[in-house]
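The values are calculated or read from the model by the stated rules, or taken from the named source; none is laboratory data. Predicted model, so just to flag it, every value in this text is computed and none were measured. Quick reminder, even Gly has a Cβ in these numbers, built from the backbone with ideal geometry, and neighbours come from all protein chains shown.
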6 protein chains.
Amino acid sequence: MADVHEKAVTRRRALAYGRIIVGEAAFAAVRDGKLPKGDALPMAELAGILGAKATPTLIPLCHPISLSRASVHTRLDECAHAIDVYALAEISERTGVEMEALTGATVALLTLWDLVKPVNPALLIDAVRLLYKSGGKHGEWRHPD
Amino acid sequence: MADVHEKAVTRRRALAYGRIIVGEAAFAAVRDGKLPKGDALPMAELAGILGAKATPTLIPLCHPISLSRASVHTRLDECAHAIDVYALAEISERTGVEMEALTGATVALLTLWDLVKPVNPALLIDAVRLLYKSGGKHGEWRHPD
Amino acid sequence: MADVHEKAVTRRRALAYGRIIVGEAAFAAVRDGKLPKGDALPMAELAGILGAKATPTLIPLCHPISLSRASVHTRLDECAHAIDVYALAEISERTGVEMEALTGATVALLTLWDLVKPVNPALLIDAVRLLYKSGGKHGEWRHPD
Amino acid sequence: MADVHEKAVTRRRALAYGRIIVGEAAFAAVRDGKLPKGDALPMAELAGILGAKATPTLIPLCHPISLSRASVHTRLDECAHAIDVYALAEISERTGVEMEALTGATVALLTLWDLVKPVNPALLIDAVRLLYKSGGKHGEWRHPD
Amino acid sequence: MADVHEKAVTRRRALAYGRIIVGEAAFAAVRDGKLPKGDALPMAELAGILGAKATPTLIPLCHPISLSRASVHTRLDECAHAIDVYALAEISERTGVEMEALTGATVALLTLWDLVKPVNPALLIDAVRLLYKSGGKHGEWRHPD
Amino acid sequence: MADVHEKAVTRRRALAYGRIIVGEAAFAAVRDGKLPKGDALPMAELAGILGAKATPTLIPLCHPISLSRASVHTRLDECAHAIDVYALAEISERTGVEMEALTGATVALLTLWDLVKPVNPALLIDAVRLLYKSGGKHGEWRHPD
């Protein structure tokens with residue numbers, strides 16, 4: 001775990017994205033609240049927030065930090081039969097917050113997987129990436145795409 | 001959390017896959033052990049095993065289970081400038097082990113992200129899927145692709 | 001932590017109850033989904049399930065067990081301006097499952113507290129008790145009231 | 001998890017209370033140190049402190065914070081055959097500390113339940129409330145009763 | 001994490017030992033219950049039991065298991081100004097329980113360190129070893145000394 | 001957990017040491033990377049870093065803190081057939097960081113134990129001590145030996 005003592009305390013923010021492609025039948029079940037284990041989207045959002053907080057216990061070299069904000073939002077993509085997940089993390093610290101956003105997004109996606117798999121086991125998580133980060137030495141950064 | 005009491009105790013096995021595309025420079029740094037935080041592949045494998053064990057604390061409706069095996073393997077894909085991650089989980093229980101394999105793979109991928117991001121922040125995790133599972137009511141299953 | 005090796009593996013089940021009295025204004029906010037942090041009841045239920053799974057890390061002398069089921073249900077009590085929480089835990093093991101049910105109920109109640117406190121800080125958790133348990137040496141037990 | 005970035009860092013303190021009514025025989029066993037699993041009061045106090053520290057892993061929308069103090073005290077109430085639990089939490093942060101105090105009190109009460117239940121399963125936790133909090137935008141607050 | 005599926009489920013037991021040498025003044029403070037943070041021995045024993053349960057989250061390749069018993073005992077050694085710690089772990093499983101006993105002993109020793117360090121920072125943990133184990137392929141084993 | 005609110009925020013650093021004596025055959029297996037479970041030293045170092053971060057969940061009265069650095073290094077001692085472990089922890093906080101360094105060292109030692117025990121069960125952890133600490137009221141401190 002790198003020494004971050006010399007880094008400045010600045011407000012840092014990171015936004016991560018990922019999606020899970022679930023297929024037509026499972027998509028309809030999610031959209032219509034018909035999954036056997038209950039309403040998937042709020043469960044995934046809540047699990048994502050808890051996941052963001054668990055980041056330093058999961059990622060070995062991540063610093064333990066006091067997140068000032070974590071939020072996870074889901075969006076149905078009817079065309080792709082996919083659920084988009086956006087995870088935002090914010091902190092005032094010496095170290096960045098990308099991994100918290102990414103872990104939040106990923107745990108939300110895995111939670112959707114768990115809820116959807118009785119309908120379709122051939123799921124796919126893809127396109128997990130960092131969309132934006134700010135704060136720290138490098139200032140604002142946006143994904144080039 | 002569903003009642004699994006009526007299900008049979010059988011040997012269950014699941015194999016999950018995912019990859020992280022890191023770009024040319026970061027790929028060389030991983031391959032040549034030149035990352036600032038150390039040798040990425042064994043760290044990711046170990047973090048993935050711990051991640052598989054953490055599954056029931058992360059995924060709300062997953063049953064707490066006593067994994068009889070978890071292992072994570074990484075493979076360099078020179079053409080795609082990617083690192084492939086395979087995670088295997090096994091258990092003798094009443095409930096499946098897919099989520100453990102998927103969580104193991106995902107935590108390994110996120111650990112690679114954390115180690116590689118000083119070199120390239122525009123990383124991409126994709127193609128996360130279940131390749132194989134066996135045991136339980138449905139027997140053996142392979143991903144259709 | 002007592003030695004449970006000699007005890008029989010039987011199906012054990014426990015049902016715990018508790019309630020939080022929130023007052024008129026906060027009750028209306030919960031009922032109408034108007035709380036600033038979102039829809040309280042499904043969040044509390046999910047947190048309660050995760051709480052039930054966390055029992056052996058919280059209660060020092062509880063055995064680590066593999067719950068075969070945990071579920072938490074909430075019910076609005078309009079007269080008392082209260083939210084009732086019921087938590088059910090099941091297992092096939094050598095040791096009872098009361099503490100898991102009680103911890104699940106209590107974590108759900110605390111989660112409701114956290115969500116409701118911006119509206120009313122003078123909340124009250126009361127009537128936390130075990131309603132029913134079965135399995136083990138003593139067989140079925142119901143709360144005398 | 002709400003954004004607390006704009007809030008001031010102030011010293012915040014919260015005191016929570018709750019009690020467990022154990023009945024005459026169990027009360028005597030606690031008071032006289034005759035419980036089969038050992039001396040209940042110090043165990044409950046220690047578990048309560050660990051519980052206060054676990055708050056952000058249990059309550060989904062609680063911020064992870066660096067408690068500057070947590071303490072839990074128990075008191076025997078001979079008349080009611082009850083054990084009173086007081087939990088104090090303090091912090092210098094942008095967010096309140098009520099949930100830490102309440103979780104500390106509740107985990108201590110559940111630990112007492114676990115230790116006392118071999119003597120009497122018909123226990124009751126009640127009167128869990130916040131007695132006092134200070135710091136933050138609203139300053140000092142006392143429970144109206 | 002090795003595959004233990006082929007191993008037999010047998011009763012397994014392990015006893016670990018370790019000690020902390022605290023010096024004359026700190027020894028007297030422990031013995032007489034005069035430490036600033038409270039009565040050290042029961043706190044250390046309880047922390048050791050929780051530590052034994054945390055083993056699979058701490059030791060990467062340890063299997064998650066359902067301990068059927070964990071207990072930790074301390075003993076004052078007046079001559080050496082030391083506190084001896086004994087930790088016993090038992091299980092009926094396919095995998096051994098040494099690491100649980102050793103982790104329990106070690107966490108108890110570290111807890112004593114934390115409680116004693118205001119009196120003397122030059123503490124020493126030594127002689128941590130496995131005294132005995134039974135069960136599994138190799139049957140009974142005693143430390144050769 | 002003591003109130004640390006009045007203490008100054010200073011940079012604090014602690015270095016802990018410990019060793020595990022493994023015997024000739026196991027030493028050769030570690031040195032030559034021939035252990036059945038894989039390359040022991042990097043695994044132990046990584047586990048030690050995660051262990052340092054877990055300190056406040058293991059040691060009851062330790063404050064939860066945001067480590068600014070944790071690192072663990074191992075060294076082979078051919079003469080003693082031992083592996084030396086050094087763990088460094090740093091923080092800018094109101095409370096010391098000795099327990100984080102000691103817990104990091106100890107978890108690394110236990111991880112080595114777990115990896116080496118198939119070769120030799122009669123292992124020994126000894127000489128665990130604090131070598132150095134700085135920061136806080138007492139300034140710099142070195143172990144008297």
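A few comments on the model shown:
- The listed residue being charged (D, E, K, R) and over 22 Å from C:ILE65 (Cβ atoms), out of E:GLU24, E:GLU100: E:GLU24
- Tallying residues that are under 12 Å from B:LEU41 (Cβ atoms) and surrounded by 19 or more Cβ atoms within 10 Å (Cβ to Cβ) within the stretch B:67-85 yields 4.
- Scanning the stretch B:2-17 for residues that are within 13 Å of the chain's Cα centre (by Cα) and part of a loop (DSSP other than H, G, I, E, B) returns no hits.
- Under the condition of being β-branched (Val, Ile, Thr) and surrounded by 24 or more Cβ atoms within 10 Å (Cβ to Cβ), the residues counted in the stretch E:92-103 number 2.
- The requirement of being charged (D, E, K, R), at pLDDT below 95, more than 29 Å from F:ARG69 (Cα to Cα) and in contact with a Lys or Arg (Cβ under 6 Å, 6 or more places away or on another chain) is fulfilled somewhere in the stretch B:6-13, by at least one residue.
- Selection status of B:ILE20, assigned to a loop (DSSP other than H, G, I, E, B), among the aliphatic types (A, V, I, L, M) and crowded, with 24+ Cβ neighbours inside 10 Å: no
- Selection count where residues are facing another protein chain (nearest Cβ under 7 Å) and closer than 30 Å to A:ALA8 by Cα, scope the stretch A:93-132: 10
- Qualifying positions in the stretch C:31-47 - within 14 Å of chain B (Cβ to nearest Cβ) and part of a loop (DSSP other than H, G, I, E, B): none
- Note on the stretch E:104-145: among residues that are touching a helix residue (DSSP H, G or I) at 6+ places or on another chain (Cβ under 7 Å) and farther than 26 Å from F:TYR132 by Cβ, the one that is surrounded by the most Cβ atoms within 10 Å (Cβ to Cβ) is E:GLY104.
- Against the list (1) more than 14 Å from chain F (Cβ to nearest Cβ); (2) closer than 30 Å to F:ILE49 by Cα; (3) not aromatic (Phe, Trp, Tyr), the condition A:ALA8 fails is (1).
- Some residue of the stretch D:17-28 being away from chain F (no Cβ under 14 Å) and among the acidic types (Asp, Glu): yes
- Scanning the stretch E:48-84 for residues that are closer than 18 Å to F:THR55 by Cβ and more than 14 Å from chain C (Cβ to nearest Cβ) yields E:ILE59, E:PRO60.
- Count of the stretch A:23-59 residues which are buried (at least 21 other Cβ atoms within 10 Å of the Cβ) and charged (D, E, K, R): 2
- Identification of strands (runs of 3 or more DSSP E) wholly contained in the stretch E:48-145 with 3 or more residues that are in contact (Cβ under 8 Å) with a residue 60 or more places away in the chain and not β-branched (Val, Ile, Thr) yields E:82-93, E:124-134.
- Some residue of the stretch C:108-126 being over 29 Å from A:ARG69 (Cβ atoms), of a type in the set (A, V, I, L, M) and within 19 Å of the chain's Cα centre (by Cα): yes
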